[in-house]
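**Student:** Here it is, the structure in full.
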Amino acid sequence: MRPTDPITALRGVGAQRAKWFAQLDIRTVWDLLRHYPRQYADWSQTVPIMQAPLDTPCCVRGTVLSDPAERRIRAGMVLYTFPVSDGESCMQVTLFNNRFLAARIRAGREYLFYGPVKRDFFRAEMSSPQIAEVGRAHIRPVYRQTQGLTSVMIESAVETALRETAGQLTDPLPPGIRQQYKLCGREYALHHIHFPADPAALQIARRRLVFEELFFLQLGMLYMRRRSRDTAGAVITQDRSEEFFARLPFTPTGAQRRAVADCMADLAGGIAMNRLIQGDVGSGKTAVAAAVADSVCRAGYQAALMVPTEILARQHYTDLSALLAGSGVTVELLVSSMKAADKRRVREQTADGTVQLLIGTQALLSEQLQFNRLALVITDEQHRFGVGQRAGLSGKGNCPHVMVMSATPIPRTLALMIYGDLDLSVLDELPPGRRKVATYAVGSDKRMRAWKYIRKHVDAGLQAYVVCPLVEDEEGESSLSSATAYVKELTDALPGVPVGLLHGRMKAAEKERVMADFVAGRLAVLVSTVVIEVGVNVPNAALMLIENAERFGLAQLHQLRGRVGRGRAASTCILISDAQGEEAKRRLQVMCQTNDGFRIADEDLKLRGPGDFFGNRQHGLPALRIADLAADMPMLQQARQAAEDLFRAGAQDDGQKEALLREVRLLFADTPMN
Ligand code: ADP
Ligand code: MG
């Protein structure tokens, strides 16, 4: 049997089971072998019934005292019960509807029972345990299961698959790398990840598979990077950035200059640019984008800027129009809520080249949109877009230059590994005169004082944000944490102060209206859920109040706080929380101590691991089956090194190269790339 065979090639897997397996994305024998156990049941360590941990699965070795008694409790439901003794104490074992298993249990024989033991003062009980002969004491896999497929069924299919493919699994890792990093072979690894002989074998197997996954991830990025290196981009040699800078109402920071210079060098180099501009909130990424777009447009090409939300698109449209007003570059907006006639006009003018810089949301990916001479694609807040979407927009031009802007402060080493296909410019300097946002963490007993502080700001002509984590009342939630109720209370407490509400369930047009009112100053206070998280720029807002601050991750709190401290007024952030947990307290403490996004990112990494940045696959990387970017960081570094060495050495023989590429394609299979 070959690993590429469909799952139905396995004995015992018919059409129906194949369907269930498909729900787990398992279609081939190989998919099955890579369905790694979620955890393990250690049948090799047995515990006495009296010492069984509560509600935690464990293994009990015991003798069945009498044959299972059958009891029909209602139609279609039969219970089998029998007592089991470990020599000191007894427990009752219950099986539901499992006649097949019950029929094999014999009084007087000893078995292993695996499951959680329930215990009260009088007796102990195990319901629906897994049962095995005493000889089969080992570590057993526990799989993610699905409707129709239990872990045990998956286990037996994996067992068959391993047996049937024995000797046919080629190892795609070059022997040299296996030797250098002391990795076991693939067949051994697969065998012991599913059926570990002992904990040490499991470690060895896991290490190899994690390495393999990260290695191919890195190798894939290197291939992508080389492909982009091989792609010619429009050559733009005339660097107009000095003229652009001269027209700005402020002096660009050194970091902004460096980032622009990096981009200009890319544009002049003849190879398509693929650059990540990473800068903390407020570091001035928009001006960098404008400077680069300016040179591109004035060279006779078009540029496009894609952002994740309409609010942001409009914001950028306003900002960039202002920044580029002196250059004579035609800037247009294209978002789905625009009138059909306007959209048509913008599309036509984009197609004929009148529009030089087009700003929009995913609408820019629409088939109907044609560019004339698209040479630069900018995406902002990249963690919201996948690799595929980026590629989608690139597909519209003739290999346009790609610039990705991200405010997610990732430590540089990690960024290099995660965005290995991109070059990196870091905006590590904030514009001068930017004052720290003074940050305080207080209990909810100080809420009234915080509200009075809002009033003070409003009286001084400033604006304020209030962030609430919830939208509507949910059972058990205090009504105050619900944004809707909150607005009412706040309005009552601050008569005469115009308060607006923005939340995720509002229609796009409504959101736009509220946001526009806030930008224009018609609303003094904006109560919002996290929709304001990314990118919004209202310099007159100098106060931010965050309710239930413990519910946000550090990175998110930092993004939120970045909405203030953008104007001339000293800005304040008040974190309201009654949380007592150590980790939550630590997070709030970090926020009070520093405004430095990179330090916060480091702390976050320490506290929670990269899950917060990379959760929900927002990064657009392929899903990893076994590696954990937090726990396996050191391994990621090794794998990166190995991939680079191999890549640099080049010229493997064709067979090996094909094998490597196949692995890369498998890993990136669900990540659309063009
Ligand atoms: P972000 O990197 O978060 O996108 P923005 O581009 O929105 O930051 O810039 C934040 C604010 O800082 C804007 O109001 C912008 O006009 C201003 N700004 C940008 N660069 C400078 C600079 N070099 N000096 C002063 N202000 C700047
Ligand atoms: Mg921005």
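**Student:** Could you list, in sequence order, all residues of segment 156-173 that are in contact (Cβ under 8 Å) with a residue 24 or more places away in the chain and within 31 Å of the chain's Cα centre (by Cα)?
**Tutor:** Val158, Pro172, Leu173 - these are the residues of segment 156-173 that are in contact (Cβ under 8 Å) with a residue 24 or more places away in the chain and within 31 Å of the chain's Cα centre (by Cα).
**Student:** Just to be sure I understand the filter: pairs with C-beta atoms under 6 Å, separated by 6 or more residues or on different chains, first member in segment 425-452 and modelled with pLDDT under 95 and part of a loop (DSSP other than H, G, I, E, B), second member of a type in the set (A, V, I, L, M) and within 16 Å of ligand 2 (Cβ to nearest atom). Which pairs pass?
**Tutor:** Cβ pairs passing all conditions: Asp428/Ala255; Glu429/Ala255; Val437/Val564.
**Student:** Take segment 336-352 and flag every residue that is of a type in the set (Ser, Thr, Tyr) and either surrounded by fewer than 16 Cβ atoms within 10 Å (Cβ to Cβ) or not assigned by TED's automatic domain parsing to the domain that holds Leu365 (or both).
**Tutor:** Of everything in segment 336-352, those that are of a type in the set (Ser, Thr, Tyr) and either surrounded by fewer than 16 Cβ atoms within 10 Å (Cβ to Cβ) or not assigned by TED's automatic domain parsing to the domain that holds Leu365 (or both) turn out to be Ser336, Ser337.
**Student:** Could you list all residues from segment 279-302 that are more than 16 Å from ligand 2 (Cβ to nearest atom) and open to solvent by less than 10 Å² (accessible area, probe 1.4 Å)?
**Tutor:** Asp294, Ser295, Val296, Cys297, Gln302
**Student:** Which residues, taken from segment 557-584, are more than 16 Å from ligand 2 (Cβ to nearest atom) and modelled with pLDDT under 90?
**Tutor:** Residues satisfying the conditions are Leu557, Arg568, Ala569, Ala579, Gln580, Gly581, Glu582, Glu583, Ala584.
**Student:** Something else: Cβ-Cβ below 7 Å, separation at least six or inter-chain, first residue in segment 226-255 and at pLDDT 80 or above, second open to solvent by 80 Å² or more (accessible area, probe 1.4 Å) and within 16 Å of ligand 1 (Cβ to nearest atom): which pairs?
**Tutor:** Within 7 Å, the pairs are Ala255/Asp428.
**Student:** Need the failing condition index for Arg71 against (1) assigned to a loop (DSSP other than H, G, I, E, B); (2) surrounded by fewer than 12 Cβ atoms within 10 Å (Cβ to Cβ), just the number.
**Tutor:** With (1) assigned to a loop (DSSP other than H, G, I, E, B); (2) surrounded by fewer than 12 Cβ atoms within 10 Å (Cβ to Cβ) applied to Arg71, the lone miss is (1).
**Student:** Read through the list (1) within 11 Å of ligand 1 (Cβ to nearest atom); (2) touching a strand residue (DSSP E or B) at 6+ places or on another chain (Cβ under 7 Å), then give the number of the only condition that Tyr317 fails.
**Tutor:** (1)
**Student:** Identify, from the list Leu369, Leu276, Leu364, the residue that is within 16 Å of ligand 2 (Cβ to nearest atom) and either part of a loop (DSSP other than H, G, I, E, B) or not small (Gly, Ala, Ser) (or both).
**Tutor:** Unique residue meeting the criteria: Leu276.
**Student:** I've got another one for you. Search segment 305-320 for residues that are more than 14 Å from Leu357 (Cα to Cα) and pair each with any residue that is more than 12 Å from ligand 2 (Cβ to nearest atom) and assigned to a helix (DSSP H, G or I) when their beta-carbon atoms are under 7 Å apart and the residues are at least 6 apart or on different chains.
**Tutor:** Filtered contacts from segment 305-320: Pro308/Arg384; Glu310/Ala508; Glu310/Glu512; Ile311/Lys511; Ile311/Glu512; Ile311/Met515.
**Student:** Next question, about the same structure. Where in segment 147-262 are the helices (runs of 4 or more DSSP H), entirely inside, with at least 2 residues that are more than 30 Å from Ala9 (Cα to Cα), assigned by TED's automatic domain parsing to the domain that holds Ala291 and open to solvent by 20 Å² or more (accessible area, probe 1.4 Å)?
**Tutor:** 241-247
**Student:** Next question, about the same structure. Can you tell me which residues in segment 555-567 are within 12 Å of Ala541 (Cβ to Cβ) and within 11 Å of ligand 1 (Cβ to nearest atom)?
**Tutor:** The answer is Gly562, Arg563, Gly565, Arg566, Gly567.
The values are calculated or read from the model by the stated rules, or taken from the named source; none is laboratory data. In this text, all values refer to a predicted model and were calculated from it rather than measured experimentally. As a convention, Cβ positions derive from the backbone with ideal geometry for all residues, glycine included, and neighbour counts pool all protein chains shown. SASA here: full protein model, heavy atoms, side chains in, ligands and nucleic acids out. Shrake-Rupley method; radii C 1.70, N 1.55, O 1.52, S 1.80 Å.
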